[in-house]
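First up is the structure itself, then whatever we jot down about it.
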Amino acid sequence: MKKLPHLVFTPKSFEVNNSMYVRRAELETRLIDAFPSNKFIVIHGESGNGKTWLFKKVFADHDIFYEVVNLGNASGAESLDRAFTVKLGEWGSKQKSSEGTASSAGAKPMGMGVEHRLDTSSSYVIKSPFHHLVEEIRRRAGNDQRCAIIFDNFEAIIDNPKLVRELAGIILNADDESFAKHDIQLVIVGTPTNLKHTIVQLSKSAPVANRLVEIPEVARMSAEEAAQLMEQGFIKELGLNFHENLDKKDVFEEIAWNTDRIAQHIQELCLLIAQAAERNNHTISREIVDRATETWVADTLSADIATIHGSMNARDTRIGRKNQTLYALGQCKLEDFKYTDIEAILRKYFNVGGATLNISQILSGFAAEDNPIITRNPQADAWRFVSPKYRMAIRALLKKESDGRISLRK
């Protein structure tokens, strides 16, 4: 029996097996086209959508040396220097701060006499941790190789205006000779929508916008990309079979729906299915898919399902418009959606006649809760889920009955 390759369906599988990478042709082109510009690059997208895969693949293909600075190491600190010194510390890098010399002259026969002593010392101007980091990265890359610094997890500092302003200062000082001479590209990676606009707004520095170029959002996989990933993993890499009564295409569509086509979650669920199939004579059955899905929901979405519970109508509510709206949110496939999109879905699935639905008011209520499931995107005049896991949780939790009521899945 063919042994299940280690981590073949994990979020880090690209590091283990390049063949598991699914091409994102437009994003790859936009990223490499932006690299030679005199602007710094912004990569944004929901967690799990493949931002890390993207820059790792592109930079590997184009022989670009890079180092990742985790901005999470600066959260709660007074300065970004914390993140830079942590990175330097990983390499054991040090700076010389001072040096001294000592000399003596004179004779002391029989221990008697006069000794002349001359002490000299000099000190060095200590470079900032950022400039020390830049120099070290250029040294590690060599003089000729293109290289980049990845500022990852921007969302970790978004609630600290001081750190955002520090980052803006680095961006604005890009033309300073002490940085420019090293010819290093900066790449900022994070989850906020319109990350470039967020940096400009939080830093209160409009000129920052002129120094940044934002590639399109690293969004959910398309249906075709998700199917390609599953085909590559289940069939080409593992050689798994599908039971004769189980249609492969239907399984792929079911997995894509349950995971909202988020790369990380597709891989997590597929790993559970593959592990069980490997114990079942290398065959994927209906029972294996169902049990793996139940396990994945319990392991991944339990906290999110609890949040959805808190947003539902009370059981004795006659119409349950909030529940209907939640169900419609789960059916929505858009990243950013308007209240009219949700109302159209609700009217499609429920017989509401000409009733006034007040969907905009209901959505505002969901966004105003202590633990909101959606948030307003003023740039698009629309809403989006705070986390894509809430959409998955709605799909896993809510079921529409034949009489139009919303019930909970068992």
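The values are calculated or read from the model by the stated rules, or taken from the named source; none is laboratory data. None of these values were measured; they are calculated from a predicted model. Ideal geometry is used to build each Cβ from the backbone, glycine not excepted, and the neighbour counts take in all protein chains shown. With ligands, DNA and RNA removed, areas are computed over all heavy atoms of the protein, side chains included. Shrake-Rupley method; radii C 1.70, N 1.55, O 1.52, S 1.80 Å.
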**Prompt:** Taking the condition part of a helix (DSSP H, G or I) and surrounded by fewer than 22 Cβ atoms within 10 Å (Cβ to Cβ), does F252 pass?
**Reply:** yes
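Let's see how each residue does on (1) over 27 Å from the mean Cα position of the chain (by Cα); (2) modelled with pLDDT of 95 or more:
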position	(1), (2)
E214	no, no
F252	no, yes
I262	no, no
I266	no, no
E278	yes, no
E287	yes, yes
**Asked** When residues of region 228-249 are filtered for being open to solvent by 50 Å² or more (accessible area, probe 1.4 Å) and of a type in the set (G, A, S), how many remain?
**Response** 0
**Fill in**
Of the conditions (1) in contact (Cβ under 8 Å) with a residue 60 or more places away in the chain; (2) β-branched (V, I, T); (3) within 22 Å of R384 (Cβ to Cβ), the single one that V213 does not satisfy is (3)
**Complete:** Residue hits (region 64-87; closer than 10 Å to P129 by Cα and charged (D, E, K, R)) are D81, R82, K87
**Count - residues of region 175-227 that are crowded, with 16+ Cβ neighbours inside 10 Å and under 30 Å from F252 (Cβ atoms)** = 12
**Asked** Can you find even one residue in region 2-19 that is of a type in the set (G, A, S), open to solvent by less than 20 Å² (accessible area, probe 1.4 Å) and either modelled with pLDDT of 85 or more or more than 26 Å from R211 (Cβ to Cβ) (or both)?
**Response** yes
**Message:** Out of Q95, Q145, I need the residue that is modelled with pLDDT of 90 or more, of a type outside the set (D, E, K, R) and surrounded by fewer than 15 Cβ atoms within 10 Å (Cβ to Cβ). Which one?
**Reply:** Q145
**Message:** I need the full set of residues from region 355-398 which are within 23 Å of T259 (Cα to Cα), in a helix (DSSP H, G or I), free of Cβ contacts under 8 Å to residues at least 60 places away in the same chain and open to solvent by 30 Å² or more (accessible area, probe 1.4 Å), in order please.
**Reply:** A367
**Pairs, first within 22 Å of Y390 (Cα to Cα) in region 261-287, second open to solvent by 50 Å² or more (accessible area, probe 1.4 Å) and in a loop (DSSP other than H, G, I, E, B), C-beta under 7 Å, six or more apart** = Q264/P11; Q267/P11
**Residues of region 313-331 satisfying the condition of being modelled with pLDDT of 90 or more and either surrounded by fewer than 17 Cβ atoms within 10 Å (Cβ to Cβ) or polar (S, T, N, Q) (or both)** = N323, Q324, T325, Q331
**Prompt:** Any idea how many residues of region 399-410 are small (G, A, S) and part of a strand (DSSP E or B)?
**Reply:** 1
**Request:** Kindly list the number of the only condition in (1) open to solvent by 50 Å² or more (accessible area, probe 1.4 Å); (2) closer than 24 Å to A141 by Cβ; (3) not aromatic (F, W, Y) that fails for I170.
**Result:** (1)
